[in-house]
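The values are calculated or read from the model by the stated rules, or taken from the named source; none is laboratory data. Since the structure is predicted, the reported quantities are computational estimates derived from the model, not experimental observations. For accessibility, only protein heavy atoms count, side chains too; no ligands or nucleic acids. Shrake-Rupley method; radii C 1.70, N 1.55, O 1.52, S 1.80 Å.
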Amino acid sequence: MDARRARSHACLVSELEAHAHWFTEPDPSSGARCLTLTLLADHGNAARVARDQAAEFLRGVGAGGVVDDARLIVSELVGNVVNHVVPERSLARPGGSRRVDVHVKAWPKWLFIGVADEDASPPLLPLGDTFWPGLTEERSEAVVPDSGRGLLIVQRVAAAVWWTPEGRGGKTVWCRLDLGSETQGPPS
């Protein structure tokens, strides 16, 4: 195998291994930890509570190096729920609050963050650069899109971003941060 193909193979193996860990519940004997928070989106402090709790959890499990990135990601994802989600009719209750579940799975090599809501419509994940980088030098405020900035930020910070539908209705937006020196980036 040539070097590029070997790097591509190693990257694929790494991605498959990460996916297998995202899919399973962390086992504390493997050095993994899990946090799940259930919040109400209609309360003004949901994003602050979620990011503060996630930060404390990460510091407690020894993942302090990614606290700032995780706080930003949690803020953006919970903020999207608070500002944009309309619950499915079957999940909406008169006078009820919208539910937000925040999942944090910390493995020795990966950190998975998921934010679940009660709206089954897919998130609009940006597909890449939304503008020519040369335009940002003079008028950056004029070329930043009006919507999708939060998910664009999450995509820039995280190694991967995806979403999954929930069986009861709704969806979860997930992202992965790679931890440690053993993780490899995509092949060049």
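The candidates Thr36, Thr164, arranged from most to least accessible area with a 1.4 Å probe in the full protein assembly, appear as Thr36, Thr164.
The listed residues Arg71, Arg5, Arg99, once ranked by accessible area (1.4 Å probe) with the largest placed first, stand as Arg5, Arg99, Arg71.
Computed from the alpha carbon atoms alone, the convex hull of the range 38-81 holds 55 Å³ per residue. Accessible area per residue (1.4 Å probe, heavy atoms of protein chains only) ranks His84, His43, His103 as His84, His43, His103, with the largest value leading.
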